[in-house]
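*Asks:* Handing you this structure, nothing more for now.
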Amino acid sequence: MSPSVVFQIVNTIVLPAWLILIFFPNKSWKNPVIYGLTIAMSLVYAFYVVTGLSDLDMESFNELEGVKAMFTTDVAVLTGWVHYLVFDLLVGNWILNQSQKHKINHFLIIPCLLLCFVFGPVGYLLYSIIKITKTKRLD
């Protein structure tokens, strides 16, 4: 399967997951579905990491130019993209679960989830600000 096709598949898989976090936050099946989807995408990621290990130069991680050079193929970019999709979704699910634990109104969390979906750490930052404001705690 070409990297372009896999890219389309993982993008298609992740969108319903984010819709679940936004529109079905209290369903008992939410966490198993999210974790199942992230495991499936992690398998895709693991496949590309394992098959690309022979091309990996650990010294490349020490310099920006080395990291840029690693992402010059479609497969490498796809692998990085899947990495982002999985981690952002896991962080989004964590944000939702933590917000429920701290009894933060879901309408305040929706912008955090949308930002996490598009800009990862910015969504986490907004959630952290909301949580600290509401709970007066950092933990």
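The values are calculated or read from the model by the stated rules, or taken from the named source; none is laboratory data. All values reported here derive from a predicted model rather than from experimental measurement. Using ideal geometry, Cβ is built from the backbone for each residue, glycine included, and neighbour counts are taken over all protein chains shown. For the accessible areas, the whole protein counts, side chains as well, though only heavy atoms, and no ligand, DNA or RNA atoms are used. Shrake-Rupley method; radii C 1.70, N 1.55, O 1.52, S 1.80 Å.
*Asks:* Tell me, yes or no, whether region 94-117 has at least one residue that is part of a helix (DSSP H, G or I), closer than 17 Å to residue 9 by Cβ and touching a residue at least 60 places away in the same chain (Cβ under 8 Å).
*Replies:* no
*Asks:* With the structure loaded, tell me whether residue 133 is among the polar types (S, T, N, Q), surrounded by fewer than 18 Cβ atoms within 10 Å (Cβ to Cβ), modelled with pLDDT under 95 and farther than 17 Å from residue 12 by Cα or whether it fails that test. Write out each step before concluding.
*Replies:* Numbers: among the polar types (S, T, N, Q): yes; surrounded by fewer than 18 Cβ atoms within 10 Å (Cβ to Cβ): yes; modelled with pLDDT under 95: no; farther than 17 Å from residue 12 by Cα: yes.
Considered against the rule, which asks whether it is among the polar types (S, T, N, Q), surrounded by fewer than 18 Cβ atoms within 10 Å (Cβ to Cβ), modelled with pLDDT under 95 and farther than 17 Å from residue 12 by Cα, residue 133 comes out as no.
*Asks:* To continue, here is another question. What tally of residues in region 83-113 results from selecting those that are open to solvent by less than 30 Å² (accessible area, probe 1.4 Å) and farther than 18 Å from residue 24 by Cβ?
*Replies:* Residues flagged as open to solvent by less than 30 Å² (accessible area, probe 1.4 Å) and farther than 18 Å from residue 24 by Cβ within region 83-113 amount to 2.
*Asks:* Now for a separate question. Got a number for residues in region 1-53 being touching a His at 6+ places or on another chain (Cβ under 9 Å) and within 20 Å of residue 112 (Cα to Cα)?
*Replies:* 3
*Asks:* Sticking with this structure for a sec: Give me the residue from region 1-33 that is of a type in the set (Ser, Thr, Tyr) and not in a helix (DSSP H, G or I) and, out of that set, modelled with the lowest pLDDT.
*Replies:* Checked region 1-33; the qualifying residue modelled with the lowest pLDDT is 2.
*Asks:* Exactly one of these conditions fails for residue 80: (1) closer than 29 Å to residue 60 by Cβ; (2) open to solvent by 50 Å² or more (accessible area, probe 1.4 Å). Give me its number.
*Replies:* (2)
*Asks:* Sticking with this one: Quick one: in region 3-47, which of the residues that are without any contact (Cβ under 8 Å) to a residue 40 or more places away in the chain, within 18 Å of residue 77 (Cβ to Cβ) and not aliphatic (A, V, I, L, M) is surrounded by the most Cβ atoms within 10 Å (Cβ to Cβ)?
*Replies:* 47
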